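Working notes, beginning with the structure itself.
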2 protein chains.
Amino acid sequence: MDRDTQISLTVIRRLPKYHRYLTELKDKGISRISSQELSNLTGFTASQIRQDLNNFGGFGQQGYGYNVDDLHRELGKILGLDKRYTAVIVGTGNLGQAIANYKGIEEAGFKVVSLFDRNPKMIGLKIRDIEVRDIDLLEDYVRENNIDVGIITVPKEGAQPIADRLVKAGIKGIWNFAPCDLIVPETVIVENVRLNESILILSYFLKNLENK
Amino acid sequence: MDRDTQISLTVIRRLPKYHRYLTELKDKGISRISSQELSNLTGFTASQIRQDLNNFGGFGQQGYGYNVDDLHRELGKILGLDKRYTAVIVGTGNLGQAIANYKGIEEAGFKVVSLFDRNPKMIGLKIRDIEVRDIDLLEDYVRENNIDVGIITVPKEGAQPIADRLVKAGIKGIWNFAPCDLIVPETVIVENVRLNESILILSYFLKNLENK
DNA sequence: AAATTTCTGTCAATTTGATAACAAGTGAAT
DNA sequence: ATTCACTTGTTATCAAATTGACAGAAATTT
């Protein structure tokens, strides 16, 4: 395994899909799979799958294929599923609450330990047993509890200031739902969920349906 | 403008970002912009921006650049913002409710006219003035009201059956929040929001921070 | 145990996407 | 009016990503 060569983002973005299908296969009790079968499932070509996986090591065996359990575990490790991270959600609007209730976060190894909002009506409430705290306490809380990740679900205008505060308080990563590009030091990881862009893509293709 | 050549998905996925920055520029009252300035904003190279835009027509002028209002309007048209579509949300859990309250949907020209759920406790309730109906009524409602888009926010297991029913009822597009790959006829547009994959990417990079 | 099939890892070829370069317009300054 | 700086559209070049091909190893069949 060559730890020096940078693996392209294009490859990395395919990994979760491999992992998802391997979870399904595992649940079905299937113990081995070939790149061709994975191709049928995922839609990627068999060649591409073999190349992708080989970026991280030779997990397969000639004449046999890949062992589902092993590959699932290895991909899990690559994706950091063997790690546990703490997170806070900033913004307890509809989206913030939905994310607080979203099980996928736990499955990915993240534990949401506090929510923050500036609305006095929200402060003190509990969402799924997680307390909502005053946004003024954000920096202290993040610092004192060594929080790894901030999840930003505030409106666009508030997102950058919140990001700045999280960064100052020592956050390692941000899961950003606000429709803007956050400016952070390059040591801080930002992963964006672009609902606005996603729905525009849908709109684009719907419109193009009509042109045919 | 060459309507025959297929424009690559890579290009299309960049359009919403252009549009977003043009909205901001317009709001600031800025009337002209060069590809270089757009590059500074978006992070794409000026060359790439000019190439992207030229897929759809020559919107710029040598020595001047692009007129913000014009380009904004043209990109809006390309993205289908001049069209109005009706939508229903299937699944009124936390995510479904958050989406029902999400303003970006309207901004993209979509109008959510009904929600559907199988939970009797939800049926008859109103979320943001939109009624929640029994899932059994889904097909009839979609057919009778000529619904364009179905938004799927049900758990993974229920997503494909719902997609099948929507397709049968004549839906044109699906905005899918369930973590699975829907199988639909190729005439039906599917745009996925992959929260599970997004957070795994964050996890990947967080883990890789440590390895350095 | 030999022959055949299967399937990976890897390298080469091809395709796609991004960047660079530049001729030709345009507007502003003098 | 002329010059100069600017900026697009477009072509040429370069880089990245995908696909194809195949040797060699393992598993399976005969």
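Considering only residues that are more than 10 Å from DNA strand C (Cβ to nearest atom) and closer than 26 Å to residue A:183 by Cα, which ones fall in segment B:42-64?
Result: B:42, B:53.
Output the number of the condition that residue A:52 fails; it satisfies all remaining conditions of (1) within 11 Å of chain B (Cβ to nearest Cβ); (2) not in a loop (DSSP other than H, G, I, E, B).
(1)
Of everything in segment A:59-80, what is outside any helix (DSSP H, G or I) and more than 18 Å from the chain's Cα centre (by Cα)? Give them in sequence order.
Within segment A:59-80, A:59, A:60, A:61, A:62, A:63, A:64, A:65, A:66, A:67 qualify.
So which of B:191, B:197, B:157 ends up being within 13 Å of chain A (Cβ to nearest Cβ) and more than 26 Å from residue A:153 (Cβ to Cβ)?
The match here is B:157.
Taking segment A:9-41 as the search range and keeping residues that are crowded, with 17+ Cβ neighbours inside 10 Å and among the hydroxyl-bearing types (Ser, Thr, Tyr), which one is nearest to DNA strand C (Cβ to nearest atom)?
Filtering first and then ranking leaves A:35.
Kindly evaluate residue B:143 against the criterion of being basic (Lys, Arg) and at positive phi.
no
Could you grab me the full set of residues in segment A:200-212 that are more than 7 Å from every other protein chain (Cβ to nearest Cβ) and within 16 Å of residue B:15 (Cα to Cα)?
The answer is A:208, and nothing else.
What pairs come out if I take residues in segment A:169-182 that are within 8 Å of chain B (Cβ to nearest Cβ) and pair them with residues that are among the charged types (D, E, K, R) and in a strand (DSSP E or B) whose C-beta lies under 6 Å away, six or more apart or interchain?
A:175/A:191
Assess whether residue B:88 counts as being outside any strand (DSSP E or B), β-branched (Val, Ile, Thr) and either on the phi < 0 side of the Ramachandran plot or without any contact (Cβ under 8 Å) to a residue 40 or more places away in the chain (or both).
no
If only one of A:148, A:134 is more than 14 Å from chain B (Cβ to nearest Cβ), in contact with a Lys or Arg (Cβ under 8 Å, 6 or more places away or on another chain) and surrounded by 15 or more Cβ atoms within 10 Å (Cβ to Cβ), which one is it?
That would be A:134, the only listed residue that is more than 14 Å from chain B (Cβ to nearest Cβ), in contact with a Lys or Arg (Cβ under 8 Å, 6 or more places away or on another chain) and surrounded by 15 or more Cβ atoms within 10 Å (Cβ to Cβ).
How many residues, within segment A:157-212, are among the charged types (D, E, K, R) and within 19 Å of residue B:7 (Cβ to Cβ)?
4
Can we say residue B:67 is buried (at least 16 other Cβ atoms within 10 Å of the Cβ), within 13 Å of DNA strand C (Cβ to nearest atom), without any contact (Cβ under 8 Å) to a residue 40 or more places away in the chain and polar (S, T, N, Q)?
Considered against the rule, which asks whether it is buried (at least 16 other Cβ atoms within 10 Å of the Cβ), within 13 Å of DNA strand C (Cβ to nearest atom), without any contact (Cβ under 8 Å) to a residue 40 or more places away in the chain and polar (S, T, N, Q), residue B:67 comes out as yes.
Condition check: charged (D, E, K, R), within 15 Å of DNA strand D (Cβ to nearest atom) and modelled with pLDDT of 95 or more. Does residue A:77 satisfy that?
No: the conditions fail for residue A:77.
Within segment A:27-55, track down each residue that is farther than 18 Å from residue A:7 by Cβ, near DNA strand D (Cβ under 10 Å from one of its atoms) and basic (Lys, Arg).
If the condition is that a residue be farther than 18 Å from residue A:7 by Cβ, near DNA strand D (Cβ under 10 Å from one of its atoms) and basic (Lys, Arg), then A:32 is the only one that fits.
Scan segment B:88-139 residue by residue and report those that are within 12 Å of residue B:152 (Cα to Cα) and in contact with a Gly (Cβ under 8 Å, 6 or more places away or on another chain).
Listed by number, the residues that qualify are B:88, B:89, B:90, B:91, B:115, B:116, B:117.
Is it true that some residue in segment A:6-26 is farther than 29 Å from residue A:192 by Cβ, part of a helix (DSSP H, G or I) and more than 10 Å from DNA strand D (Cβ to nearest atom)?
Within segment A:6-26, one or more residues are farther than 29 Å from residue A:192 by Cβ, part of a helix (DSSP H, G or I) and more than 10 Å from DNA strand D (Cβ to nearest atom).
Please work out if residue A:116 is aromatic (Phe, Trp, Tyr), over 22 Å from residue B:179 (Cα atoms) and either assigned to a helix (DSSP H, G or I) or within 12 Å of chain B (Cβ to nearest Cβ) (or both).
no
If residue A:162 passes every condition in (1) more than 14 Å from chain B (Cβ to nearest Cβ); (2) in contact with a strand residue (DSSP E or B) (Cβ under 9 Å, 6 or more places away or on another chain); (3) without any contact (Cβ under 8 Å) to a residue 24 or more places away in the chain but one, which one does it miss?
Condition (3) is where residue A:162 drops out.
The values are calculated or read from the model by the stated rules, or taken from the named source; none is laboratory data. Remember, it's a predicted structure, so these values are computed and weren't measured experimentally. Reconstructed Cβ throughout: ideal geometry from the backbone, glycine too, with neighbour counts over all protein chains shown.
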